[in-house]
Amino acid sequence: MEPDLLQDDPSRKLMRQIFGAIAEYEKTMLVIKLRGARNRQRAKTGHCEGAKVYGILPGEAEVIERLKALRAEGMGFDRIAARLNEEGVRPRRGARWHGLTVNNILTGKGRKGNA
């Protein structure tokens, strides 16, 4: 049977404090390592956290080209979204395209290389 570590014995209290200090140190070191990794990734690609930018998954580059072609024809963002929905092109998330999503992709707010 193990002794109760929650007793007020000075030796047990010392051990709890030591274990607590070690756990706090390990957490701090992990936070520093993760912050450094995020900063390196951000410096390398310009993007780190959150959803992956549009255009890196298979098939998305073709959709971007389609968006650009429709925009070059003079279509507005809402009309482009409606056309993609009519053609059955599925967005990454959600059931349908929206003009704001098309705008974000075409203006670089959600696209690879321009995030």
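I'd like the full set of residues that are surrounded by 13 or more Cβ atoms within 10 Å (Cβ to Cβ), part of a helix (DSSP H, G or I) and of a type in the set (Gly, Ala, Ser), limited to region 67-84.
Residues satisfying the conditions are Ala81, Ala82.
From Val53, Val63, Val89, which residue is touching a His at 6+ places or on another chain (Cβ under 7 Å), of a type outside the set (D, E, K, R) and surrounded by 12 or more Cβ atoms within 10 Å (Cβ to Cβ)? Steps first, answer last, please.
Numbers: Val63 fails: touching a His at 6+ places or on another chain (Cβ under 7 Å); Val89 fails: touching a His at 6+ places or on another chain (Cβ under 7 Å).
Result of the check over Val53, Val63, Val89: Val53.
Looking at (1) closer than 18 Å to Val102 by Cα; (2) not in a helix (DSSP H, G or I), which one does Ile64 not meet, given that it meets all the others?
If we test Ile64 against (1) closer than 18 Å to Val102 by Cα; (2) not in a helix (DSSP H, G or I), just (2) comes out false.
Quick grid of which residues meet (1) of a type in the set (Val, Ile, Thr); (2) at pLDDT 95 or above; (3) within 37 Å of the chain's Cα centre (by Cα):
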| position | (1), (2), (3) |
| --- | --- |
| Glu2 | no, no, no |
| Asp9 | no, no, no |
| Leu14 | no, no, no |
| Val31 | yes, yes, yes |
| Ala43 | no, no, yes |
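The values are calculated or read from the model by the stated rules, or taken from the named source; none is laboratory data. Predicted model, so just to flag it, every value in this text is computed and none were measured. Using ideal geometry, Cβ is built from the backbone for each residue, glycine included, and neighbour counts are taken over all protein chains shown.
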